[in-house]
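The values are calculated or read from the model by the stated rules, or taken from the named source; none is laboratory data. Values in this document were obtained by computation on a predicted structure and should not be read as measured data. Cβ coordinates were reconstructed from backbone atoms using ideal geometry, including for glycine residues, and neighbour counts include every protein chain displayed.
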Amino acid sequence: MMPMNHLRRRDVLLGSGAAVLTGAAPRQVQAAATVLRVSNRANPDGLDPATGIAGSDHVALYPIYATLVEWDYATLKARPGIAEEWSFPDPLTMVLKLRSGVLFHDGTPCDAAAVKFNLERCVNEPRSSVKGDVSSIASVETRGTDQVVVHLKLPNTALPLALSDRSGMMISPKALASPNGVVRNPVGAGPWKFVSWQDNARIVLARNESYFKPGFPRIDNLEFTIIPELNTGLRSVIAGENDIVFRVEPPQKVVIDRAKNLTLVMGPTLYVHQFFLNLSHPPFDNLKLRQALNYAIDREAFNKATMMGLAEPTNTLLPKSHWAHDPSLDAAYPYDPAQARRLMAEAGVGNGFEFNVLGYPDQTAQQRQEVLIEQLGKVGIRMKFTRASVGDSSAMYFGPEKRGDALLAAWTGRPDPSSSYSQNFAKEGFYNTGHVQLVPEMPEALAAAQSSVDLDQRRETFRRVQKLVVDNALFCPLVFDPEIDAHGPRVKNYRPNLLGKPKFDEVELA
């Protein structure tokens, strides 16, 4: 039997709540392992952060992978992660000072060599979905075990916050070299270690005893139950089968308000419902048809019909509360069906046009689709839907197949706006699925937005970026979702964040 001084609370049987030790040792009572049960609407696309494509994956990625840089929940300002310091000694050089002693879950060091390996993989891996975030990197070198020097092709002051997202999630090089890889067997340095993943059913994680933040995480095990229907997920929390459900739809707020055993958590997010448009072929290689699509949508009516009026209608990727938001663009595409018809006539399709759309199959997604079908149908724009799960539809649209003319989904936001605009509208951006650059001024405008550390200067440069995107109708945004989460009475210290992507390392269970 294990010596008594080596017993931990996770070593006892969960059902008993206590362990009786035989021999000369006195009887001791051990606490059962704490388990946070989360209702998660989406089965991950994969658990390799550098090659995955679905924004919904983050909820499972954050617990497993520590990032080089982290972000503040309320402001998204950069704060230390694996890198305890960073600096720009000149505009084309970024130096990262790493924490000492950080270990991956397999016991190998997360040192300068590992960071260099990861950053070079993000740049060079053919399947990398984060190349847009790290495209400014020219080369990476190490200085000792705790310093990484990143040489840039052009100034990029947004890079630290980019490294708080997928491109900064450090993966064990040893695990990547294994035959199994990390898509299904992830090995990071985050607060929890991977245990198992049953497709479309459950993901189980266990505490990382070697996590570099003392006292964290505050719960032992994290379990995600995959429940695509948010109504069902919410009911599972009301029934006590799960502890928390996140990103529920606005109509469900009434149910939360009425439930005596639930706590409502709300906040603003960068999560924007939108049409991603494939700009490489008809109909959306035509500017007039992209503009017609934007004019044909009544965003206020869409908000009332699908979001209980709780969302924020938008023409851009940045909400009004964001530091880089440009209020002059708020009225860029008012609801104007007559203007939509004029633009279609000028484009030679006066009787309207049809396009193929990928979308989600859950009940609330289909409600949004029905509202848009009705609105667009009034001007002769017809949509032919193919419905699949979040992961499958993302893979079909953004992956090699490039299926569909548009994807009705959501952009989940990034800590720094340059990442959002580069990923969506730069030619090499992963979410620019057609990989065409229809706006010649865009590369220079994006580079300018990344070249200054002064917030006022960056705000001005982003005005130009946003105006180019809106004037050229490079996508069709609808509304920003509010954060609406609900948890049971056991959950303590859960906080929402502006990205709308929950983290659980600070959560405690009563």
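Looking only at residues in region 233-252 that are in a helix (DSSP H, G or I), at pLDDT 95 or above and within 25 Å of ASN303 (Cα to Cα), the one that is farthest from the chain's Cα centre (by Cα) is ARG235. Restricting attention to region 23-75, the residues that are over 22 Å from VAL237 (Cβ atoms), hydrophobic (A, V, I, L, M, F, W, C) and either assigned to a loop (DSSP other than H, G, I, E, B) or at pLDDT below 95 (or both) add up to 12. Of the residues making up region 361-372, those that are free of Cβ contacts under 8 Å to residues at least 60 places away in the same chain and surrounded by 17 or more Cβ atoms within 10 Å (Cβ to Cβ) number 2. Working carefully through the options ASP133, ASP146, find the one that is closer than 21 Å to PRO417 by Cα and among the acidic types (Asp, Glu). The unique qualifying residue is ASP133. With the requirement that a residue be surrounded by fewer than 20 Cβ atoms within 10 Å (Cβ to Cβ), over 25 Å from the mean Cα position of the chain (by Cα) and part of a loop (DSSP other than H, G, I, E, B), what does region 299-337 give you? Result: ALA331, ALA332, PRO334, TYR335, ASP336. When region 158-178 is limited to residues that are crowded, with 19+ Cβ neighbours inside 10 Å and assigned to a loop (DSSP other than H, G, I, E, B), the one that is nearest to the chain's Cα centre (by Cα) turns out to be ASP165. Taking residues in region 270-289 that are surrounded by 22 or more Cβ atoms within 10 Å (Cβ to Cβ), and partners anywhere that are among the polar types (S, T, N, Q) and part of a loop (DSSP other than H, G, I, E, B), the pairs with Cβ atoms closer than 8 Å and at least 6 places apart or on different chains are LEU270/THR412; TYR271/THR412; VAL272/THR314; PHE276/THR433; ASN278/THR433; LEU279/ASN432; PHE284/ASN278.
For region 89-104, the condition holds for no residue, the condition being that it is within 30 Å of LEU407 (Cα to Cα), buried (at least 16 other Cβ atoms within 10 Å of the Cβ) and in contact (Cβ under 8 Å) with a residue 12 or more places away in the chain. Of the set (1) in contact (Cβ under 8 Å) with a residue 12 or more places away in the chain; (2) under 30 Å from THR108 (Cβ atoms); (3) surrounded by fewer than 19 Cβ atoms within 10 Å (Cβ to Cβ), all apply to ASN208 but (3). Comparison of GLY352, GLY359 shows that the only residue that is assigned by TED's automatic domain parsing to the domain that holds ASP471 and at positive phi is GLY352.
Scanning region 374-389 for residues that are surrounded by fewer than 17 Cβ atoms within 10 Å (Cβ to Cβ), part of a helix (DSSP H, G or I) and of a type outside the set (Gly, Ala, Ser) yields a total of 1.
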